[in-house]
Amino acid sequence: MKLSLRLPPHYHLRSVILSHGWSALEPFRVMPRRDGLSVAIRMSTGKPVVLLCTQTGRRLQIKAEGTDAVTEGEREEIRGMVAAMFRTDENLDGLYAWARRKKRLSWILAVGAGRILRAPTAFEDTVKMICTTNCSWSLTTLMVGRLTNSLGTAIGDRHTFPSAADMANQTERFYRREIKAGYRSPYLLELARRVAYGDLHIERVRNGELAEQEKIDLFANIMGVGPYALGNLLRLHSVYDRYAHDSWITAEYAKRYHDGRKVSERTIERRYEAFSPYQGLIYWLDMTKPWYRKKHDFDSDFTS
């Protein structure tokens, strides 16, 4: 089965793939030359499918593998899910206006940067974000890989990411022993149970129901989501004025602008505050600019 989506101006799929480390985490797999991405998903019907996504001109091409037939309802679900993951409906006119006005930001428009890759669901994004806290990137990839391969639905040699119900049915001991999630174990279990049991309607951040402050309140009230994770999760949901400081990005800033000398977070923020309401996003893009110039290996480039 093949589908396609119309793309807005200045859209570059490769730049979305390179936007952050999600493309290096299961159940995503980067295709050769980093010009395409495949992902194993489980649809609302329970059917698993592998989607291969590439760009041809102003169209995003989607090829579904691993299933004999897809209903019209499932086709629409796939279109919606792919649009959400690859941010095809994201309005970045304000960001690109800054890129036109400031020479040092002109590269953003040239490569179509600014759209940050998302997982198929806000639940998956949140689980993965908790798995990036206070650890190396290699440990993040291991935790996410173990979650996917232990609890996800198999499709060929791939697995989908587990649902909230899949994760809620486990014990804290499972997360500590099998996933090696350490102190994150109770956070992952509580998140899964809140979503699975209907206490936390996390997917509302994807359907346009929530105002900016409501998004902030939703994520801020999840155990394990501190200022760093909150800023990153908000960036995945069109709130771009928050900073997400961690050891990697602050060290990168120090190398770029202060000869490696550590500076305060407030010093960093003063450099970008004029770019409201995109200051947090521009901070991220400024620090990750080299990623768009070469074939990048997230395992060696940074730790979280």
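What follows is calculated from the coordinates using simple rules that are stated; it is not laboratory data. Given the structure is predicted, the values throughout are model-derived calculations rather than measurements. Heads up, the Cβs are rebuilt from the backbone with ideal geometry, glycines too, and the neighbour counts pull from every protein chain shown.
Structure remark: mean-square fluctuation, Gaussian network model of the chain, C-alpha springs under 10 Å; the largest value among D246, D217, D157 belongs to D157.
For a quick check, take a GNM of the chain with Cα springs below 10 Å and name the residue from N207, N232, N149 with the largest mean-square fluctuation. The residue with the greatest mean-square fluctuation here is N207.
Its Cα gyration tensor gives the stretch 193-238 an equivalent ellipsoid. The semi-axes, each the square root of 5 times an eigenvalue, are 16, 14, 8 Å from largest down.
Applying 1/(1 + (r/R0)^6) with r as the Cβ-Cβ distance of N134 and A110 and R0 = 41 angstrom yields a FRET efficiency of 0.70. For the stretch 2-90, the spread of Cα coordinates along the three principal axes comes to 33, 26, 20 Å, biggest extent given first.
Over the C-alpha atoms of the stretch 188-284, the Rg to Rh ratio, Rh being the Kirkwood estimate, stands at 1.06.
With an a/c value of 1.5 or above and a/b not larger than b/c for the gyration tensor axes a ≥ b ≥ c computed over the alpha-carbon atoms, the stretch 3-47 is described as oblate. The lysines within cross-link reach of K289, meaning a Cα-to-Cα straight distance under 16 Å and a gap of 8 or more places when in the same chain, are K102, K103, K255.
Projected onto planes of every orientation and averaged, the convex hull of the alpha-carbon atoms in the stretch 247-301 covers 4.2 nm². Take the Cβ atoms of Q61 and A154, set R0 to 30 Å, and the FRET efficiency comes out at 0.70. Springs join every pair of Cα atoms under 10 Å in this Gaussian network model of the chain, and among G224, G145, G66 the largest mean-square fluctuation is at G66. Cross-link partners of K47 among lysines, defined as those whose alpha carbon lies under 21 angstrom from its own and excluding same-chain residues fewer than eight positions apart: K2, K63.
Spin-label model, T171 to L52: label points 7 Å out along the Cα-to-beta-carbon direction sit 4.3 nm apart. Per-residue ellipticity at 222 nm, computed for the chain from helices alone with -39500 (n - 2.57) per DSSP H run of at least four residues, works out to -12500 deg cm²/dmol. When L139, L5 are sorted by how many other C-beta atoms sit within 10 angstrom of their C-beta, beginning with the fewest, the order is L139, L5. One entry in [x] 18.2, 70; [y] 23.9, 88; [z] 18.8, 58 is Rg and Dmax of the Cα atoms in Å calculated from the shown coordinates; its label is [z]. Computed from point charges on the beta carbon alone (+1 for Lys and Arg, -1 for Asp and Glu), the dipole magnitude for the chain about its Cα centre is near 1220 Debye.
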